[in-house]
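**Q** My questions all concern the structure below.
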Amino acid sequence: MNSQIHSVPVPLGSRAYSVLVGAGILPQLGRLASELETPLGKRCAVITDSNVAPLYSETVLVSLSAAGYTPTLIPVPAGEASKNMKVAEQVCEEMIAAGLDRSSWVVALGGGVVGDLAGFVAAIYYRGIPFVQIPTTVISQVDSAVGGKTGVNTAHGKNLIGAFHQPRLVLADVVTLQSLPPREFNEGFGEIIKHAAIRDRSLLEPLATPNLQFEPATLAHVIRRNVEIKAAIVAGDEHETLGLRALLNFGHTIGHGIENAAGYGRYLHGEAVSLGLVAAARLSVAKAGLAPEECQLLLDALARFDLPMRLPDDISTERLMAALLKDKKFAQGQVRFVLCPRLGEAYLSKEVTLEEISQSVEALR
Ligand code: GLY
């Protein structure tokens, strides 16, 4: 197994950290954590879920113990339903009962739900303790584990309670992706294709190739390039106040509306993003001069990963538009829509009307 480690820096001044990408690097966690410039405390909580715990928690616990740490395993039930204040509070209580204090730290071992929940726990426990992200899904390795967005859902919507809390280290082992069901593996390519569309066209062509085989080295290359794209955007606009980080919402305005209107759980996040990308790419042809054949290249890449590209009739445009208007991005009543004038570039536009968005949703049928 090639256990070469690629280190992608996330340059955020005093909150700077590295994302380490490689194949078979999980057993090195303890040593890598112990080599951090600012030392971590002896005790840590390994927060994971009921799907991931049987697969990787033993490796993580052994590696941490061998490096002199004292880990406490805290599994939560797998699934989006665990991403709420109640579970966050339960995890905090378990950490208190286990004797973890302000010198302790958290390991988030799992996909986006675990990363967001465990990161949020780390952000609030004793007013904030360090955490290390170990994303085990494609979507969390290329997106949610990088950039410090943590949080939980409420009955009113997703991610409405949260904090920016940057990890100290992210360790992305592509071998963990081999255990993913095909649907969850493919889901991640919704975000990868989005990154390619807004920042690196050269990523797209190989993705649209039929019969592409994902050897660990190929996968490590794709993940690393995506982490570089995400890291550069986060470094330029950590708190999403400058209009740069908002470009990561390409395909997400409509994607979030679809997730909400369909009922959470029907589409995986990356699948809803795929539908949003189809609509946003077509709007980019109409409004930003994206060449139709370039739009087709993006659609071919989505098709290659069996991602949904047509909206079923039972998800009405009215319901979707109502959901979309409740979105955080529309808070001031101003539509700010990400368009892509050329593959590899994107900008925020105020020129897209609600009527045009609604028509682009209808065109998905
Ligand atoms: N997933 C979008 C962001 O991190 O800003």
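The values are calculated or read from the model by the stated rules, or taken from the named source; none is laboratory data. In this text the structure is predicted, and so the values were computed from the model without any measurement. Don't worry about glycine lacking a Cβ; one is built from the backbone with ideal geometry, like all the others, and counts go over all protein chains shown. Quick note on the areas: whole protein, heavy atoms, side chains included, nothing else; ligands and nucleic acids left out. Shrake-Rupley method; radii C 1.70, N 1.55, O 1.52, S 1.80 Å.
**Q** Over the chain, calculate the relative contact order: mean separation of alpha carbon pairs under 8 Å at least 6 apart, over the residue count, as a percent. Can you show the working numbers first?
**A** Working: 714 pairs, mean separation 54.4, N = 365.
Relative contact order for the chain comes out at 15 percent.
**Q** Collect residues whose amide H, placed 1.01 Å from N in the peptide plane, falls under 5 Å from the amide H of T136; neighbours closer than 5 in sequence don't count.
**A** Distant-sequence amide H within range of T136: G110, G111.
**Q** Continuing with this model, one more query. Residue by residue, what Karplus-based ³J(HN,Hα) values in Hz, rounded to whole numbers, does region 295-303 have, using 6.51, -1.76 and 1.60 with θ = phi - 60° and x for Gly and Pro?
**A** Whole-Hz 3J(HN,Hα) from phi for region 295-303: 4, 5, 4, 5, 5, 4, 5, 4, 5.
**Q** Starting from the amide H of C44, placed 1.01 Å from N in the peptide plane, find each other amide H under 5 Å away whose residue is 5 or more places distant or on another chain.
**A** For C44, whose amide H was placed from the backbone, the distant partners under 5 Å are T70, T72, W105.
**Q** Please work out whether the chain counts as rounded, prolate or oblate from its C-alpha gyration tensor, where a ≥ b ≥ c are the square roots of the eigenvalues and a/c under 1.5 means rounded, while otherwise a/b larger than b/c means prolate and anything else oblate?
**A** Numbers: a/c = 1.88, a/b = 1.53, b/c = 1.23.
Verdict is prolate for the chain.
**Q** Work out from phi, with θ = phi - 60° and the Karplus expression 6.51 cos²θ - 1.76 cosθ + 1.60, the ³J(HN,Hα) of each residue of region 311-318, listed in order in whole Hz, and give x for Gly and Pro.
**A** Along region 311-318, the couplings run 8, x, 5, 6, 9, 6, 4, 4 Hz.
**Q** Of K83, K42, K158, which has the most accessible area with a 1.4 Å probe, and how do the rest follow in descending order? Display every interim value, and only then the final one.
**A** Details: K83 10, K42 130, K158 50 Å².
The residues order as K42, K158, K83, largest area first.
**Q** For every helix of n ≥ 4 consecutive DSSP H residues, a contribution of -39,500 (n - 2.57) applies; sum these over the chain, divide by its total residues, and give [θ] at 222 nm rounded to the nearest 500 deg cm²/dmol.
**A** Working: 12 runs with 146 residues, N = 365.
After summing the helix terms and dividing by residue count, I get -12500 deg cm²/dmol.
**Q** Counting only residues 5 or more places away or on other chains, whose amide H sits under 5 Å from the amide H of D200 once H atoms are built in the peptide plane?
**A** So D200 has HN proximity to G344.
**Q** OK, next. On a straight-distance basis, which lysines could pair with K326 in a cross-link, Cα separation under 21 angstrom, same-chain partners fewer than 8 positions away excluded?
**A** Within the straight-line limit of under 21 Å, K326 reaches these lysines: K83, K149, K158, K350.
**Q** In square angstrom, rounded to the nearest 10, how much accessible surface does M85 have for a 1.4 Å probe?
**A** Number for this one is 90 Å².
**Q** With a cap of 14 neighbouring Cβ atoms within 10 Å, and only residues DSSP puts in a loop, list the GluC sites (Glu not before Pro) found in region 253-361. Mind dumping the intermediate values first?
**A** Details: sites: E259, E271, E293, E294, E318, E345, E351, E355, E356; in loops: E345, E351.
Loop-located and lightly packed - E351.
**Q** With the chain treated as a Gaussian network of Cα nodes joined by springs under 10 Å, which of R199, R225, R183 yields the largest mean-square fluctuation?
**A** Result: R183 has the largest fluctuation of those listed.
**Q** Then there is this: Once fully extended, how much extra length lies between R365 and N84, figured as 0.36 nm per residue of separation less the alpha-carbon to alpha-carbon distance?
**A** Working: separation 281, 0.36 × 281 = 101.16 nm, distance 3.36 nm.
That works out to 97.8 nm of additional length.
**Q** What part of the accessible area of region 1-115, given as a whole %, is carbon or sulfur when the probe is 1.4 angstrom? Present the calculation step by step, with values, prior to reporting the outcome.
**A** Details: 2860 of 5270 Å².
On region 1-115, the fraction of accessible area on carbon and sulfur atoms equals 54 percent.
**Q** Just to confirm my numbers, what's the Cα centroid distance between region 106-161 and region 229-299 in Å?
**A** Distance between centres, Cα-based: 21 Å.
**Q** Take the solvent-accessible surface of the protein heavy atoms, probe 1.4 Å, and return the percent of it on region 247-314 that carbon and sulfur atoms account for. Write out the running numbers ahead of the final one.
**A** Working: 1160 of 2340 Å².
That share works out to 50 percent.
**Q** Put Y17, Y56 in order of accessible area, largest first, 1.4 Å probe: what do you get?
**A** Values: Y17 10, Y56 35 Å².
My answer, sorted largest first, is Y56, Y17.
**Q** Per residue of region 196-213, in order, report the coupling 6.51 cos²θ - 1.76 cosθ + 1.60 (Karplus, θ = phi - 60°) as ³J(HN,Hα) in whole Hz, putting x for Gly and Pro.
**A** Computed from phi, the couplings for region 196-213 are 4, 5, 8, 9, 7, 4, 5, 6, 6, 4, x, 5, 7, 6, x, 6, 4, 9 Hz.
**Q** Could you do me a favour and compute the accessible area per residue for the chain, 1.4 Å probe, result in Å²? Each step should come with its number before you reach the end.
**A** Working: 15010 Å² over 365 residues.
Dividing the accessible area of the chain by its residue count gives 41 Å².
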